[in-house]
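Take a look at the structure set out below.
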Amino acid sequence: MDSKKKNIILESRNLTVGYVKKTGNLIIADTVNFSIEKGELVGLVGANGIGKSTLLRTLTGMQNSLNGEVFLNEKNLKEYSSFQLATQLSVVLTEAPTSKNLSVIEMVSLGRQPYTNWVGSLSEEDKKTIQSALEATETEALANRKCFELSDGQMQRVAIARALAQDTPLIILDEPTTHLDIYHRAYILKLLKKLASETKKTILFSTHEIDLAIQLTDKMLVMAKGETYFDDPCKLIEAGRFDSLFPKETIDFDGKTGRFTIRK
Amino acid sequence: MQTSQTYRFHFLVLFLVLIAVFLVNLSMGSVSIPLDEIFSVFIGNGASKETWRYILMDYRLPKAITAMLAGGGLAISGLLMQTLFRNPLAGPFVLGLSSGASLGVAILILGASAFGGFFGTLLLSQWSLVIASALGSFLVLLAVLAVTFRIKDTMAILIIGLMFGSVTTAVVSVLSYFSNAEQLQQYIFWSFGSLGNQSWQGVFILVICFLAGLLLSIFSSKSLNALLLGENYAKSMGLHIKKTTFIIILATSILAGSITAFVGPIAFVGLAVPHLVRQFYKSSNHLVLMPAVLLCGALLMLVCDTLAQLPFSEFTLPINAITSLVGAPMVIWLLVRKRKLFF
């Protein structure tokens, strides 16, 4: 039990996420409990608007929780300074960089910011990390391209390379497969799988690719109405957690194949 | 990220061109002064005509220095604002900064009778002009920023900037309605914009403000680079958004505010120069862009001033008109050629 406890990198205890409004708190999801171990690939799934992004924003410290606690490396997330957090947790967001004029190498280099001096000059070590981030995501050939010249699939790889350059034990991605074709969706998820197993990084991502996530992830976090479940994908299927995700009259989950089928 | 070392040669060439234009600017005007005479004055030997020495040291030299500081400073503040507001259209003029400065100066000049005895010595009046103008632009920027925290749409922010601009203009009109002819004249001459008639004392104050603004800008360059990714990414890399935003705004209002106080509202330099530089420099690193923008801004302003003196004639055109005449076609040309305006 004790050795297992040490391996836990991200833990959520009775977490309630939502927004503070003048009329009272707007609760998006409550009693979210899970503990993610080092080196695990975790997929977060749920219907549109169920609060996946809100949960991720809370886990990355961009938004305060309404109740409950998040522990990163057994330390409360609230006790991290933004600078400390930057060396522990990197993110890949749905938004593209504001400056379309950035080149790929510049964007990836920006990931080194928590480690560089006050003018941001890169040391040899920084350059090595940047190079290996480019290699891991197969984006070396794009290094001198500008962001506005990239396809969605390339852009997503570059965004992941930037997070890798930040060199953190935990990476959180918000819908990294949106706007991609089936090949690139599989490519990105396989890349995440490879990174988790080879570099021992812990990766948490939200996605709508439930069937792909079932095949690839170590654990899944399923957000349903009023409840969230965290377990192995197989156990989640056995417990029928995917069945109630969407209205049954339109789409149905087949536990044997791990796929959704359209009701005709 | 490419460092400024890669571009050292570029900067050297730009710097040499700047010096050449500087000398041409000094020698041209209603009275042309030969180059060797200029050098002779600089070394301390005096010129063959005493009037030349006088024109050079007491009029043209402070004017040329003011032009370079104004051009470079406005261009830098434009660069900072374009990154901060995530908008290629941002600039000291568009976001109402210059109108804010105008309001500050208008309240000072036109409302002077109300405050009474505000104009003491020459130094005090010049400092107070600078402070009023910087305060005015700082307040407008703060107001615009307060809105940015609420509204994420950058187009809305620009429109709000323009609205602030028209409100300040309206207040200035109301103030001028109630002020006497002498004060009004003083204000209107200021609002035409003029690089000339600067005392050495004024130039000294401008240099101090310029250096302060420049230092703050250089200090913010790493944060500015992070902001290119967007606020959320910048935050995730450990950036304190509020602190950074405050420093950047402080830098721009010191730069734009002090420059506007001395030379009046000058359009287009702040908007056009950063875009011009981005066409020629492939880097987005602010440590590369800043020196380039600084040199090009200074260069553009010197050229504009040389044109404004109308060589071989006795007329001098208002500098504001010339920067618009040169700047507006430049921005149009860039847009037509590139079909898009990135930042």
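The values are calculated or read from the model by the stated rules, or taken from the named source; none is laboratory data. In this text, all values refer to a predicted model and were calculated from it rather than measured experimentally. Positions of Cβ are backbone-derived with ideal geometry, glycine not excepted, and every protein chain shown enters the neighbour counts.
If you go through the stretch A:151-183 and keep only what is under 14 Å from A:Glu138 (Cβ atoms), buried (at least 19 other Cβ atoms within 10 Å of the Cβ) and in contact (Cβ under 8 Å) with a residue 24 or more places away in the chain, you end up with A:Met155, A:Gln156, A:Arg157, A:Val158, A:Ala159, A:Ile160, A:Ala161, A:Leu164.
When residues in the stretch A:90-106 are screened for being closer than 15 Å to B:Asn232 by Cβ and more than 7 Å from chain B (Cβ to nearest Cβ), 3 of them pass. Return a yes/no flag: does the stretch B:245-256 have any residue that is buried (at least 24 other Cβ atoms within 10 Å of the Cβ) and over 30 Å from B:Cys304 (Cα atoms). No, the stretch B:245-256 contains no residue that is buried (at least 24 other Cβ atoms within 10 Å of the Cβ) and over 30 Å from B:Cys304 (Cα atoms).
Evaluate the following for B:Ala47: is it touching a Lys or Arg at 6+ places or on another chain (Cβ under 7 Å) and either buried (at least 20 other Cβ atoms within 10 Å of the Cβ) or closer than 26 Å to B:Gly202 by Cβ (or both)? So B:Ala47 fits the description; yes.
Among the residues of the stretch B:239-248, is any within 17 Å of the chain's Cα centre (by Cα), under 20 Å from B:Ala134 (Cα atoms) and either more than 12 Å from chain A (Cβ to nearest Cβ) or of a type in the set (A, V, I, L, M, F, W, C) (or both)? Within the stretch B:239-248, one or more residues are within 17 Å of the chain's Cα centre (by Cα), under 20 Å from B:Ala134 (Cα atoms) and either more than 12 Å from chain A (Cβ to nearest Cβ) or of a type in the set (A, V, I, L, M, F, W, C) (or both).
Here is a check on your reading of the model: is A:Glu140 within 27 Å of A:Glu198 (Cα to Cα) and either assigned by TED's automatic domain parsing to the domain that holds A:Asn25 or of a type in the set (D, E, K, R) (or both)? In short, yes. Considering the stretch A:116-131, the residues that are closer than 25 Å to A:Ser197 by Cβ and in contact (Cβ under 8 Å) with a residue 12 or more places away in the chain include one that is farthest from the other protein chains (Cβ to nearest Cβ), namely A:Thr129.
Counting the residues of the stretch B:212-221 that are crowded, with 22+ Cβ neighbours inside 10 Å, in a helix (DSSP H, G or I) and either of a type in the set (Ser, Thr, Tyr) or at the interface with chain A (Cβ under 8 Å from one of its Cβ atoms) (or both) gives 1.
Within this structure, B:Val331 fails the test of being of a type in the set (A, V, I, L, M) and either modelled with pLDDT of 85 or more or part of a loop (DSSP other than H, G, I, E, B) (or both).
Could you go through the stretch A:57-77 and let me know if any residue there is touching a Pro at 6+ places or on another chain (Cβ under 6 Å), assigned to a loop (DSSP other than H, G, I, E, B), farther than 20 Å from A:Thr228 by Cβ and touching a residue at least 60 places away in the same chain (Cβ under 8 Å). No; the residues of the stretch A:57-77 include none that is touching a Pro at 6+ places or on another chain (Cβ under 6 Å), assigned to a loop (DSSP other than H, G, I, E, B), farther than 20 Å from A:Thr228 by Cβ and touching a residue at least 60 places away in the same chain (Cβ under 8 Å). Among all residues of the stretch B:98-105, there is at least one that is within 11 Å of the chain's Cα centre (by Cα) and in a helix (DSSP H, G or I).
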